[in-house]
Amino acid sequence: MTASSSGLSSAEAVARLGRDGANLLPRQPPVPVWRRVATQLRDPLIVVLLIAAILTVTTGDWADAIVIMLVIVVNTTVGVVQEIRADRAITALSRLAAPEARVIRDGRQQQIPAGDVVVGDLLVLAEGDVVPADAETVESAALLVDESALTGESVPIDKRERASVSSGTVVVRGRGQAVVTATGAASASGRIAALMAKRTPLTPLQRRLVGVGRMLAAVAVLLSAVVLALGLVRGQPVELMVVTAISLVVAAVPESLPAVVTLSLALGARRMAARHALVRKLPAVETLGSVTTLATDKTGTLTEGRMVARRIWTPSAEATISGSGYGPEGAIGTDGALDTAVQGAIGADEPLDTAVFSDLLRAAVLCNDARLAPPEEPGSEWTALGDPTEAALLAAAAKLGLDREDVQARFPRVTELPFDSDRKRMSTVHLLPSGDAQLVCKGAPEALLHPPVLADDPALAARAAERADQFARAGYRVLAVAQRDLAAVPETVQESGLSLLGLIAILDPPRPAAATAVADCRRAGIRPLLITGDHPGTARAIATDLGVIRPGDPVVDCREPGALGQDQAGVYARATPEQKLAIIQRLQDRGGVLAMTGDGVNDGPALRRADIGVAMGKRGTEVARQAADLVLADDNLDTVVAAVEEGRRVYANIRRFLVYGLSGGTAEIAVMLLGPFAGFPLPLLPAQILWINLLTHGLPGVALGGEPTVPGAMADPPRPPGQSILGAGLWQRVIRIAVVLTAVTLGVTVWAAQTGRPWQSMAFFALGATQLGVALGSRTRPGTLANPMLLLAVAGAFLLQLAGLYVPPLRQLLGTQPLASADLLIVTGLSVLGYAAARLDRILHPPPRPSRPSRPSRPSRPSRPSTRF
């Protein structure tokens, strides 16, 4: 696109603004609160609870009805709040837009709101500017743009004339002019906003609970209908049997399940926060425990997100540079990697004289336009102003004691030849204290290490080129530095006849904890995956170094045809935001549960689409944080592993409650079904059923959600994504424990009837107390004070069960009679069988362990018995 040097006229700009609309990102219309509430109430489990609430009101059991309604209100409120917070992700994109833009209109430069920029506007760009819209450059002077937030590239991109620049990117060096080609929804940020607007799928836990809700509703209604029919056949009053059937439906549905889920997730979120993982959406807590694949971005996630000089090579020596970030902390020293030509001259045991690197680093400081800013407050870090690669050179020089201001003051720059992508190098000329001049040149090795640029021995140039190639294959960005002394300042800069000073190898270093996190994921059966917009060579080096892939494993370049179809790849490089979405969707279609980490704008859609999105809290963009389910406050990938452990704990506790709640509900129905065959037309009254249900499914059930993690939980692979929440032997366990509860209750009932005791009251007390024994037997760490709330809840429920026998108003309400002391002791002693059933079942019937995916070079671990849920 072309434009006149005078830009658009004001009249034309107004016309285009009216035609195309403001340069603002698209926003979804707000969803009314009532619609959000209605969506939450359509959840099958909530529907079952609503029916149960109506039925309890019908029976006059207001206490149970109030509890059920409270559970519904709390869970609906939590769900609505989560939706509102999630929808802020698209709104956060608007913060990327430049608040103002400089354009040329009517032949003069103007500063206007970025929202008023239109297609055809002539933008004026300078260092530090945020590009307000997609544009094409028509003038460029050493223009360097940081596109990492959009593309994942770890280094800024040189923009020559007719190059594209995208909205939301930042100019780090140089200046230029560009003609706007797209605004608003048509811009790069607008397209990403459209991707983020797509519907978020249900989490694994939500999908499983939908199935549980449907199953419980169907089974409860069917069995209650059978009880109703049996009672009518035996001549029981219709009204009594209808109320009894309704009570059984209420009892069969564990109405505390949503409360247990909410409490478990809330406790998990609190524990995660203590470990620097901030949960934005509660279901994400459990989702972490289901993760089978951890897909991660590279820049700022696996790496520190800043360039650091790590290796330095001169014709006489080679050394390693320690330290991290842009601060001066660190040192230069040998690690035994001395050049072979000088190993005889410099003894391996002698300390390295770092003075041999002074000329190289001094030249790197002179041929440099970046600046370093010291920390603004204690505890903060040094920051880079300008090209991060040049900033890395300044930081390396500072570790040798070379100060930028001092060096540039002693050797002032008098002229320069800026970097451009054709020459791939930059040259500056400086005055020496003697009055002579010096030419300094830095650039890509292939642009310097050959005649006529270099006047050194061809053998030296070949040796340097070989070392530069080794650095590049290891994932480094390599710069060569050379200089030439001049008698006077030249009229034109001639890049020839230079003497090589050395090579500097720079990289975005891996985070210290990243390798440990990857290894921990593999031990937990989670497949690590790297999806980045960066160069394939850099991606391979980082992935190999951190153990994501093995040396020699293929790396997929997403620019190649058919690249996204390679399912077994461990690294996807050069991936666009759209391709990241396609990769994630493909993995999800294969049945995996995917966690995606990232920090840039380009990661926003992928974070939102993944089963769980994890964003960096410190270095991440606001878009990434708002799109994510989990934010790492310490930017430490190892925190994800800790969060996965919490997720597995939450899921285990939900299953633990289901065993407890469903086995009790099943026993209640079984007693009502089998009682008539043993000569008891109505073993329990409706009020008694509801009272037992209220006590057992109330505080004890909710307290089970606070059980601690099972030791060794991270040694097992993740559960199969398609596995039902009642799978892995859980429903069989429910039946086995229910059989014990039913046998104890009916046994007590038969014995009491034959001996003239108040059999219905004894059945009432036995069924409730035995279920409380199951609650104690379900503890993760029996015999300890772990989760004291469960102990208090069981004790309180037991006292209330006693009150149902001995407090006159409750006796009248429940239709019970007091028991003799001996009878009470006998039934209490038998309730221990509930505890024994829960404990023995975990030992005699351990759940099957999920199979661990085999890896060619690592034999699978032998299976062992497990008592985990």
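The values are calculated or read from the model by the stated rules, or taken from the named source; none is laboratory data. Quick caveat, the model's predicted, so the values are computed rather than measured. So basically every Cβ, Gly included, is an ideal-geometry build from the backbone, and we count neighbours across all protein chains shown.
Tabulated data for the structure shown
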| quantity | calculated |
| --- | --- |
| So Leu143, is it surrounded by fewer than 24 Cβ atoms within 10 Å (Cβ to Cβ) and under 16 Å from Val179 (Cβ atoms) | no |
| Count of residues meeting criterion [at pLDDT below 85 and farther than 21 Å from Val774 by Cβ] in region 811-858 | 15 |
| So Leu630, is it crowded, with 24+ Cβ neighbours inside 10 Å and either on the phi > 0 side of the Ramachandran plot or within 30 Å of the chain's Cα centre (by Cα) (or both) | yes |
| Of all residues in region 746-786 being of a type in the set (Ser, Thr, Tyr) and closer than 15 Å to Ala836 by Cα, the one that is modelled with the lowest pLDDT | Thr780 |
| Subset of region 530-552 [of a type outside the set (A, V, I, L, M) and either at pLDDT 90 or above or under 15 Å from Leu637 (Cα atoms) (or both)] | Gly547 |
| Tally of residues being among the aromatic types (Phe, Trp, Tyr) and assigned to a loop (DSSP other than H, G, I, E, B) across region 662-699 | 1 |
| Helices (runs of 4 or more DSSP H) within region 758-831 that include 3 or more residues within 48 Å of the chain's Cα centre (by Cα), surrounded by 15 or more Cβ atoms within 10 Å (Cβ to Cβ) and in contact (Cβ under 8 Å) with a residue 12 or more places away in the chain | 759-777, 788-806 |
| Those residues of region 114-129 which are under 14 Å from Pro156 (Cβ atoms) and not charged (D, E, K, R), in sequence order | Leu125, Gly128 |
| Every residue from region 686-743 that is basic (Lys, Arg), assigned by TED's automatic domain parsing to the domain that holds Arg271 and closer than 22 Å to Val644 by Cα | none |
| Output for region 634-672, where each listed residue is hydrophobic (A, V, I, L, M, F, W, C), within 30 Å of Glu304 (Cβ to Cβ) and modelled with pLDDT of 80 or more | Val640, Val641, Ala642, Ala643, Val644 |
| Options Ala163, Ala182; residue that is modelled with pLDDT of 80 or more, surrounded by fewer than 24 Cβ atoms within 10 Å (Cβ to Cβ), of a type in the set (A, V, I, L, M) and touching a Ser or Thr at 6+ places or on another chain (Cβ under 6 Å) | Ala163 |
| Residue pairs meeting the criteria (Cβ under 7 Å; at least 6 apart or on separate chains; first more than 22 Å from Asp520 (Cα to Cα), in region 539-566; second of a type in the set (Phe, Trp, Tyr)) | Val556/Tyr572; Cys558/Tyr572 |
| Selection status of Phe657, farther than 22 Å from Ala513 by Cβ and free of Cβ contacts under 8 Å to residues at least 24 places away in the same chain | no |
| Residue match in region 584-598 (condition: surrounded by fewer than 20 Cβ atoms within 10 Å (Cβ to Cβ), among the hydrophobic types (A, V, I, L, M, F, W, C) and within 21 Å of Pro512 (Cα to Cα)) | no |
| Residue tally, condition closer than 12 Å to Ser761 by Cβ and modelled with pLDDT under 80, over region 680-694 | 1 |
| Number of the condition not met by Leu460 [criteria: (1) farther than 26 Å from Pro510 by Cα; (2) in contact with a strand residue (DSSP E or B) (Cβ under 9 Å, 6 or more places away or on another chain); (3) surrounded by 18 or more Cβ atoms within 10 Å (Cβ to Cβ)] | (3) |
| Any hit, region 389-408, residues being outside the structural domain of Val171 (by TED's automatic domain parsing), touching a residue at least 24 places away in the same chain (Cβ under 8 Å), in a loop (DSSP other than H, G, I, E, B) and buried (at least 24 other Cβ atoms within 10 Å of the Cβ) | no |
| All helices (runs of 4 or more DSSP H) inside region 431-525 with 2 or more residues being of a type in the set (Lys, Arg) and in the same structural domain as Ala409 (by TED's automatic domain parsing) | 458-473 |
| Evaluation of Gln236 against (1) in a loop (DSSP other than H, G, I, E, B); (2) modelled with pLDDT of 75 or more (one fails), failing number | (2) |
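Results for (1) over 28 Å from Gly268 (Cβ atoms); (2) crowded, with 24+ Cβ neighbours inside 10 Å, shown as yes or no for each residue.
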site	(1), (2)
Val659	no, yes
Pro681	yes, no
Trp691	yes, yes
Thr709	no, no
